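Here's the structure, in C-alpha cells; my notes come after.
What follows draws every value from the coordinates through simple rules; no lab data is involved. These numbers come from a predicted model, not from an experiment. When we count neighbours, we look across all protein chains shown, and the Cβ atoms used for this are built from the backbone with ideal geometry, even at glycine.
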Amino acid sequence: AQVRVEDISSLRADMTAEVRFTSYKQRTTPVIHGRVTHISADRVTDAKTGFPYYVADIAVDAQELAAAPQIQLYPGMPASVMIVTEERTALDYILGPLTASLHTAFRQK
C-alpha cells in the first residue's frame with residue numbers, strides 16, 4: 001500500500017488493515033482483513049507524478065480469503081487499503097474540527 005508522507009508517523013507494523021479489491025463489485029465482495037507486515041524505511045517518489053509516499057506491505061487473512069471464493073488474486077491487482085490507526089466514534093468525527101479550532105482560538109499573535 002502507498003502511505004502518504006504526512007500519515008507515516010501514525011503507522012507501525014502489526015496494525016490492522018481492511019482491504020477492498022477494486023476489481024470486484026464493492027457491494028457484493030467482502031472486506032478482507034489483514035495486518036501491516038512491513039513499512040519502508042525511506043520514502044519513495046513516483047517517477048511519473050513526483051508524488052512521494054512510503055510503502056506498507058499488507059498480509060491478508062488467509063481464512064477470510066478462503067471464505068470468499070469469488071476473490072481470485074493476481075499479481076498487480078489494485079486494492080484499496082484502510083489502515084486502522086485509532087478508534088474514533090461518530091461524535092469524535094463531528095466534534096474534532098471544532099475542538100481543534102477552539103484549541104487555538106484564544107491565543108494572541
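Just a few scattered comments:
- Computed [θ] at 222 nm, deg cm²/dmol, the chain (DSSP H ≥ 4; -39,500 (n - 2.57); rounded to nearest 500): -5500 deg cm²/dmol
- A run of the chain free of exposed loop cleavage sites, with GluC sites (Glu not before Pro) counted only in DSSP states other than H, G, I, E and B and at most 10 other beta carbons within 10 Å, reaches its longest extent at 1-85.
- Helix 90-105 axis versus longest C-alpha principal axis of the chain: approximately 30°, rounded to the nearest ten.
- Each of Ile83, Leu73, Thr45 was scored by the projection of its Cα onto the charge dipole of the chain, and the greatest displacement toward the positive side belongs to Thr45; charges sit on the C-beta of Lys, Arg, Asp and Glu.
- Approximate spin-label separation Lys25-Gln72, in nm, with each point projected 7 Å along Cα-to-Cβ: 1.7
- Under the convention that each Lys and Arg Cβ holds +1 and each Asp and Glu Cβ holds -1, the size of the dipole of the range 1-64 around its Cα centre is about 260 debye.
- Extension gain, Thr49 back to Gln2 (0.36 nm per residue minus Cα-Cα distance, nm): 15.6 nm
- Structural descriptor for the chain: relative contact order 31 percent, calculated from alpha carbon pairs under 8 angstrom and at least 6 residues apart.
- Hydrodynamic analysis of the range 1-48 uses the Kirkwood radius over alpha carbon pairs. Inserted into Stokes-Einstein at 25 °C and 0.890 mPa s, it gives a translational diffusion coefficient of 191 µm²/s.
- Tail weight of P(r) past 24 Å, computed on alpha-carbon pairs of the range 2-105, percent: 40
- Cβ-Cβ FRET estimate between Ala90 and Thr37, R0 fixed at 25 Å, reported to 0.05: 0.25
- Note on the chain: with charges restricted to the Cβ of Lys and Arg (+1) and Asp and Glu (-1), its dipole about the Cα centre is near 400 debye.
- Selection from Ile8, Ala56, Phe21, by position along the positive dipole direction of the range 1-58 (Cβ): Phe21
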